[in-house]
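These notes are about the structure you will find just below.
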Amino acid sequence: MQTRQIPYEFMVRWDRDGRLAGAHVQFRYVTATDAGAFVGEFVGAAEPVAAAGASGFPLHDILTEIHAAALATLEAVTAERDALAARLAAVEVPGDRSPGEAD
């Protein structure tokens with residue numbers, strides 16, 4: 001049996017304020033027997049565009065190299081921001097007061 005990975009979908013999302021929030025791609029996986037008879041297919045999970053090019057998604061058919069790099073940078077910066085926000089939330093304890101704050 002053989003399973004082929006075929007580009008399926010390119011998705012772009014904007015946030016509530018209308019700013020570009022990110023982009024993802026999906027592949028379709030089609031399985032056939034060695035004789036070529038169709039066995040089945042499924043659509044894979046959405047992948048960040050940053051990983052999509054390395055996975056074989058034909059981004060060059062949709063985006064220029066500059067656009068793909070900009071989306072990859074956006075994804076990296078957003079992930080870093082989210083990780084820093086999580087770290088900050090773990091440090092902040094509800095009910096804690098700033099030093100020098102009166103009772």
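Filter segment 75-100 down to the residues that are open to solvent by less than 100 Å² (accessible area, probe 1.4 Å) and of a type in the set (D, E, K, R), then identify the one that is modelled with the highest pLDDT. Lay out the reasoning, then the answer.
If we filter segment 75-100 for residues that are open to solvent by less than 100 Å² (accessible area, probe 1.4 Å), which is where we start, we get 75-79, 82-86, 88-90, 93, 95, 98, 100.
Keeping just the survivors that are of a type in the set (D, E, K, R) gives 75, 82.
Values: Glu75: 81, Asp82: 91.
Ranking the qualifying residues of segment 75-100, first place goes to Asp82.
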Test result for Arg28, outside any helix (DSSP H, G or I), touching a strand residue (DSSP E or B) at 6+ places or on another chain (Cβ under 8 Å) and surrounded by 14 or more Cβ atoms within 10 Å (Cβ to Cβ): yes
Top-ranked residue in segment 5-25 [being surrounded by 14 or more Cβ atoms within 10 Å (Cβ to Cβ) and modelled with pLDDT under 85; ranked as farthest from Leu63 (Cα to Cα)]: Ala21
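From Ala72, Ala51, grab the single residue that is more than 30 Å from Met1 (Cα to Cα), open to solvent by less than 50 Å² (accessible area, probe 1.4 Å) and hydrophobic (A, V, I, L, M, F, W, C).
Working: Ala51 fails: more than 30 Å from Met1 (Cα to Cα).
Criteria check complete, one pass: Ala72.
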Complete set of residues in segment 51-68 that are touching a residue at least 12 places away in the same chain (Cβ under 8 Å) and more than 15 Å from Glu9 (Cα to Cα): Ala68
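The values are calculated or read from the model by the stated rules, or taken from the named source; none is laboratory data. All values derive from a computational prediction rather than experimental measurement. Cβ coordinates were reconstructed from backbone atoms using ideal geometry, including for glycine residues, and neighbour counts include every protein chain displayed. Just so you know, the surface numbers come from the protein's heavy atoms only, side chains and all, with ligands and any DNA or RNA stripped out. Shrake-Rupley method; radii C 1.70, N 1.55, O 1.52, S 1.80 Å.
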